[in-house]
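**Q** Structure incoming, see below.
The values are calculated or read from the model by the stated rules, or taken from the named source; none is laboratory data. Since we're looking at a predicted model, the values are computed, not measured. Here Cβ is always computed from backbone atoms with ideal geometry, including for glycine, and neighbour counts include all displayed protein chains.
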Amino acid sequence: MKIDQVLEEISEFLGVATPDEWIEAALQHQDILLIDHANCEKKAASTAMNLLYKHLEREDLLKKMSQLAREELLHFEQVVNIMRDRGIRYRTVSSSRYASGMRDAVRKGGEQELIDVLIVGAFIEARSCERFAKLAPHLDPELAKFYRSLLRSEGRHYQDYLTLAQNYSSSDISDRVSDFKQLENDLILSPDPEFRFHSGVPSAA
């Protein structure tokens, strides 16, 4: 699938676009953008590894998550190298409310927990892909090229998560996807006192 088709599909899946106010904040705080981007890549790799350890009997999940973990760690290394070249010190920043807000809605136990974790993974990857695409036209050539290079893999990760969620569910997941879509939209469009890669509309702290 061509990248334009992937982005169109992701736009429909997400339902709402990243607000212009977030783009403006990202351009003003590129150090925090890159630091939190690195953190996001680490967390994505960790999520994939956790699924590998918990679901040894699911062969297709093992294959997809091992591939995803490798790619996310490579992206992490690439972001850290860009930060080094730009004189940005990798330091601790607080986590955004986005991932915790999504994961707090995950049901606990058995099949339903796995399905929800996979759906949340799909939204996180889809939003990342959408933001890379929205940011790229406003960035310097090096960073724009890097972010465009991530679009295909992030788009594939979103599709992999969503396909696995449906494959492992004993019923249609459309309603559950809709629930998380509403939550995700609320997190993206509501005021957010901290700028992070997945934060909402910037507001005064």
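**Q** Checking Ile119 against (1) at pLDDT 95 or above; (2) out of contact with any strand residue (DSSP E or B) (no Cβ under 8 Å at 6 or more places or on another chain); (3) within 24 Å of Pro19 (Cα to Cα); (4) surrounded by fewer than 21 Cβ atoms within 10 Å (Cβ to Cβ), which test does it fail?
**A** For Ile119, the exception is condition (4).
**Q** Still on this model: For the range 184-205, give me each residue that is of a type in the set (A, V, I, L, M, F, W, C) and either modelled with pLDDT under 95 or in contact with a Phe, Trp or Tyr (Cβ under 9 Å, 6 or more places away or on another chain) (or both).
**A** Leu187, Ile188, Phe195, Phe197, Val201, Ala204, Ala205, listed by residue number.
**Q** For the structure I just gave you, tell me whether Ile32 is touching a Cys at 6+ places or on another chain (Cβ under 6 Å) and either at positive phi or assigned to a helix (DSSP H, G or I) (or both).
**A** For Ile32, the condition - touching a Cys at 6+ places or on another chain (Cβ under 6 Å) and either at positive phi or assigned to a helix (DSSP H, G or I) (or both) - is not met.
**Q** Now for a different question. Looking at the range 168-180, can you tell me whether even one residue there is among the aromatic types (Phe, Trp, Tyr), out of contact with any Cys (no Cβ under 7 Å at 6 or more places or on another chain), within 29 Å of Lys54 (Cβ to Cβ) and in contact (Cβ under 8 Å) with a residue 60 or more places away in the chain?
**A** Looking for residues that are among the aromatic types (Phe, Trp, Tyr), out of contact with any Cys (no Cβ under 7 Å at 6 or more places or on another chain), within 29 Å of Lys54 (Cβ to Cβ) and in contact (Cβ under 8 Å) with a residue 60 or more places away in the chain, one finds at least one in the range 168-180, hence yes.
**Q** Continuing with this model, one more query. Within the range 66-91, which residues are at negative phi, free of Cβ contacts under 8 Å to residues at least 24 places away in the same chain and outside any helix (DSSP H, G or I)?
**A** Selection gives Arg89 alone.
**Q** Which of the residues spanning the range 79-110 are exposed (fewer than 10 other Cβ atoms within 10 Å of the Cβ) and not charged (D, E, K, R)?
**A** Gly87, Thr92, Ser94, Gly109, Gly110
**Q** Now, a different point. Any idea which of Arg131, Arg103 is within 29 Å of Asp172 (Cα to Cα), under 20 Å from the mean Cα position of the chain (by Cα) and at pLDDT below 95?
**A** So the residue among Arg131, Arg103 that is within 29 Å of Asp172 (Cα to Cα), under 20 Å from the mean Cα position of the chain (by Cα) and at pLDDT below 95 is Arg103.
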